[in-house]
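A short worksheet on the structure shown next.
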Amino acid sequence: MKYILLSAWLCLAVFMNLQAQDHTVNLMGSGWEFSRTDEGVWRPATVPGTVHTDLLAQHLIPDPFIGTNEKVVQWVDKKDWEYRKKWKLKKQELNFDVMALEFKGLDTYADVYLNNHLVLQSSNMFVSHVVNVKEWLVAGDNELRILFKSPIKTDMPKFLQDQVIYPAGNDASDIPLSVYARKAPYHYGWDWGPRLVTSGIWRPVYLHSWNRATIRDVYWQQLKVDSTRAEMQAEVTVEAAVPGEYTLQLQKKSARGGEPSLALFPVTLQAGTQVFKIPFAIEKPVLWWPAGMGDQYRYELVANLLLSKKKIDTHSDKIGIRAIEIVNKPDSLGESFYVKVNGRPVFMKGANYIPQDNFLPRVTADKQEQLFHDMTASHFNMVRVWGGGVYEDDKFYDLADQKGILVWQDFMFACTLYPSDTAFLENVKQEAADNIRRLRNHASLALWCGNNEIAVAIKNWGWQSGYAYTNKQWDSLQQGYDLLFRTILPQQVATYQPGVFYFHSSPISNWGKPEEFTRGDNHYWGVWHGMEWFEAFNTHIPRFMSEYGFQSFPGMETIRTFATKDDYDIFSNVMQAHQKSPAKGNTAIKTYMLHYYREPKDFPAFVYLSQVLQAEGMKVAIEAHRRAMPYCMGTLYWQLNDCWPGPSWSGRDYNGRWKALQYYVKEAFKPRLVSNVIENGQLNTWVVTDEYQGKADLVMSAMDLNGKTIWQKELKDIQLNSNASVKLHAIDTAAILQGRNPAMVIFYAQLRIDNKDLERNIFYFAPAKEMKLEVPHLEVVTSKPAKENGVVYIRLKSDKLARNVYLSLDNAPAATHFEENYFDLLPGETRTIRLQTTQLPEIVQQALKITTLEASYKH
Ligand code: BMA
């Protein structure tokens, strides 16, 4: 009896559910199989996923991130692969008016079959698809099968027909075919990543069924925003199966729970897709601000579709209301490039972002959260989604909104020219429309940029002679550039997100000539690619620095994941296989290292020193850029993160571990910065403030390496203003050194506010290698704070100057994070470091390893 009642209840529940307006079947997870078409053996697969990760799970390829394995998996992209999944549908489940397969991303040349009917052909990994398939669905077993054609085999005929080699210098294939595929450019290799040309269902897939009508998309356009009023327009895209009289209702969900109606808008729906524009306003809006300027308040805005007063569909978004302007125009100094938010100019602090993995489906929501946590901890307010990767997933932009990190969004084109035939351009048009529509509601989205470095490359990289293009070929390639980046992309931006800033290529000015540093944004590669010393950062300052960088090795914990002890030599096969800019890479690191430091004693010391070197170089740059505000209004270093474990310009390695650079960035990006620099024989001390306004004292001191004070001075009650950079003190270096050897003197400047010693910056008068450092004696005490779980305090005291104190733990998981690291301890100074760990203090004390600069040298 019980059983009968339960079944009856279940039937009713199913029936009621089927009466629902819409229903989504998740077609992800397990139940998928994949097969190499020339083999025909079906094996279990995971969706979302890639062929490589499925092969890896089946132990059919070695891990390409380990050793030199990348080489032996190069066959994978020359094959065709199929994926299939079977699932059951009940007869009643077919009763919806519309049943559509939704693909968020297929990588890349994909033929989709449902029950053996070809329902979609896709050739762009960046576009999503909605395919009505009701007519092909059946009661009982259904099969979805997707054929992924080899991108190499698909694109080779295009190359053979074109008879042109595109200048895709980063493409590590024998023949650069990456330009033909609308697929992440870095998959084909870059100067920080392997060549792993993936295929697969890389983003979610669903079967979405609905009745009568559905809201496809809402664009919450912000027409005019200030603190008194936000004039808005909801552009609602509705698709109807059943024509008729409906109503669109807009609501603003308030924190107090009420849902005030913003607008009621009767609509007559025809069968098919239609767009309605509904103006509305929010009085005295709570504005959204980037990190450091205010809160990231977001309204929950809702669009409902009503039929006879009954809600049949609803769509909601979290919308931050703000006005963003990019001021890029001629001024008395050249051509400005800065960001204004809600009418206030703001200095941009951040980095360039590349995808977090070669196998994109491995980038989980947790990884995105950790990435944004790290950006926030490092005082970022901007990230550039660089054009050789992918348009990131929704989670990324949602986190950017939540954390107040503005997004500089490139279209996915970098460092080469591209085809310009009609099919290619149509494909790009669709890609641009699709991604602009997906991202335009995000408060964090600050600008669109056509591509990375193609415009400067056309002028300066010698492509015409290097690739022996005839004048005719060269003209036609450049016309293709103009059509794509100066006509089509700006048209798409103007159509789908009118008013947002677009520029066709970053950088606007090249780094070669001094006059270039007066115009727009710049990628300054004089340091590293041009082999200039770090001091060049002090004299090469553009209006906005959107790229500059220096390489280092990831820490030993990460190196151990791909190399064995036998490989611990920068010129071993494995280390060279992981160095993706072989022409310069390890040699450049070594050259700069021996310019500034003494020879490291062994491989781990080299790795440590490479990080210190990189961090010190970037510190020079960041401080120079910030001091130069408002002439310079932004600094985005190259690069935030890695896509695999190897040496690169990143501050945060593939496993999310912080290199020395990330710790230095956290210091150099602080809302208040004290910065010391020698300019024309004088030691100048500057204070740069983002938002702080108030009084401070500046305490300055010079001492010898044993801590004996030789000079000191205090400036009292200085007024600091927000958004300002001021030189507070200048002194002849001779007046401080008083005849002493510059290599034996330490100088520091510190801000004191409300009797608290706050931001400090230490300055040395000579390169580190000239300093005669002695081995410091460090006292170490670990303890557990009374009220905090998962934390251990490490108190350190040094008798002498200890430079770049690096704390590490043997075999610690990546999440074990020292809040501060690679710092200098002054003679006699005590510092307490917070460590996130569940270990007991005694265990930490035992496992703790401490390195200092002095201890890393060979002597
Ligand atoms: C920049 C980037 C990348 C490259 C980096 C380091 O110009 O845009 O193309 O990885 O330089 O060379």
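Structure summary
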| quantity | calculated |
| --- | --- |
| Scope segment 46-60; condition open to solvent by 10 Å² or more (accessible area, probe 1.4 Å) and hydrophobic (A, V, I, L, M, F, W, C); matching residues | Leu56, Ala57, Leu60 |
| The listed residue being under 20 Å from Gly31 (Cα atoms) and in contact (Cβ under 8 Å) with a residue 24 or more places away in the chain, out of Asp107, Asp80 | Asp107 |
| Residue within segment 102-118 that is more than 20 Å from Glu33 (Cα to Cα), assigned to a strand (DSSP E or B) and not acidic (Asp, Glu) present | no |
| Selected residue [in the same structural domain as Ile405 (by TED's automatic domain parsing), in contact with a helix residue (DSSP H, G or I) (Cβ under 7 Å, 6 or more places away or on another chain) and farther than 23 Å from His578 by Cβ] from Tyr664, Tyr654 | Tyr664 |
| Answer residue from segment 526-539, given it is within 15 Å of the ligand (Cβ to nearest atom) and crowded, with 18+ Cβ neighbours inside 10 Å and is farthest from Arg627 (Cα to Cα) among those | Trp528 |
| Conditions (1) under 30 Å from Ile66 (Cα atoms); (2) open to solvent by 20 Å² or more (accessible area, probe 1.4 Å); number of the one not met by Gly193 | (2) |
| Qualifying residue in segment 528-537 (condition: of a type in the set (D, E, K, R) and in contact with a helix residue (DSSP H, G or I) (Cβ under 6 Å, 6 or more places away or on another chain)) | no |
| Test: residue in segment 434-443 that is surrounded by fewer than 20 Cβ atoms within 10 Å (Cβ to Cβ) and either farther than 24 Å from Glu325 by Cα or within 16 Å of the ligand (Cβ to nearest atom) (or both) | no |
| Every residue from segment 189-213 that is outside any loop (DSSP other than H, G, I, E, B) and under 22 Å from the mean Cα position of the chain (by Cα) | Gly189, Trp190, Gly193, Pro194, Arg195 |
| Residue match in segment 621-634 (condition: more than 16 Å from the ligand (Cβ to nearest atom), more than 30 Å from Ser722 (Cβ to Cβ) and touching a Phe, Trp or Tyr at 6+ places or on another chain (Cβ under 8 Å)) | no |
| Condition met for Lys459 (without any contact (Cβ under 8 Å) to a residue 60 or more places away in the chain, open to solvent by 10 Å² or more (accessible area, probe 1.4 Å) and within 16 Å of the ligand (Cβ to nearest atom)) | yes |
| Strands (runs of 3 or more DSSP E) completely within segment 734-841 that count 1 or more residues being open to solvent by less than 40 Å² (accessible area, probe 1.4 Å) and closer than 18 Å to Tyr664 by Cβ | 745-753, 756-764, 802-809, 823-825, 830-836 |
| Qualifying strands (runs of 3 or more DSSP E) (wholly inside segment 227-322; at least 1 residues being out of contact with any Asp or Glu (no Cβ under 9 Å at 6 or more places or on another chain), of a type in the set (Lys, Arg) and open to solvent by 30 Å² or more (accessible area, probe 1.4 Å)) | 310-319 |
| Identity of the residue in segment 488-525, more than 16 Å from the ligand (Cβ to nearest atom) and polar (S, T, N, Q), that ends up surrounded by the most Cβ atoms within 10 Å (Cβ to Cβ) | Gln492 |
| Selection count, segment 167-190, where residues are open to solvent by 20 Å² or more (accessible area, probe 1.4 Å) and within 16 Å of the ligand (Cβ to nearest atom) | 4 |
| Residue in segment 573-581 that is open to solvent by 30 Å² or more (accessible area, probe 1.4 Å) and either touching a residue at least 60 places away in the same chain (Cβ under 8 Å) or within 16 Å of the ligand (Cβ to nearest atom) (or both) present | yes |
| Residues of segment 344-373 classified as outside any strand (DSSP E or B) and open to solvent by 10 Å² or more (accessible area, probe 1.4 Å), total | 12 |
| Of the criteria (1) over 30 Å from Arg560 (Cα atoms); (2) surrounded by fewer than 22 Cβ atoms within 10 Å (Cβ to Cβ); (3) not charged (D, E, K, R), which one Phe34 fails | (2) |
| Cβ-Cβ under 7 Å pairs, at least 6 apart or on other chains, segment 151-174 side part of a helix (DSSP H, G or I), far side open to solvent by 40 Å² or more (accessible area, probe 1.4 Å) | Ile152/Lys78; Lys153/Lys78; Phe159/Ile175 |
| Any hit, segment 441-452, residues being outside the structural domain of Ala181 (by TED's automatic domain parsing) and in a helix (DSSP H, G or I) | no |
| Single condition Ser701 does not satisfy, out of (1) over 20 Å from the mean Cα position of the chain (by Cα); (2) surrounded by 19 or more Cβ atoms within 10 Å (Cβ to Cβ) | (2) |
| Selection count where residues are under 19 Å from His23 (Cα atoms) and open to solvent by less than 40 Å² (accessible area, probe 1.4 Å), scope segment 115-142 | 6 |
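One line per residue, one yes/no per condition, for (1) open to solvent by 10 Å² or more (accessible area, probe 1.4 Å); (2) within 16 Å of the ligand (Cβ to nearest atom):
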site	(1), (2)
Gln639	no, yes
Pro645	no, no
Tyr654	yes, yes
Tyr663	yes, no
Ala668	no, no
Val674	no, no
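The values are calculated or read from the model by the stated rules, or taken from the named source; none is laboratory data. Being a predicted model, the structure only gives us computed values, none of them experimental. Every residue, glycine as well, gets a Cβ built from its backbone with ideal geometry; the counts of neighbours run over all protein chains shown. Ligands, DNA and RNA are excluded from the accessible area calculation, which covers all protein heavy atoms including side chains. Shrake-Rupley method; radii C 1.70, N 1.55, O 1.52, S 1.80 Å.
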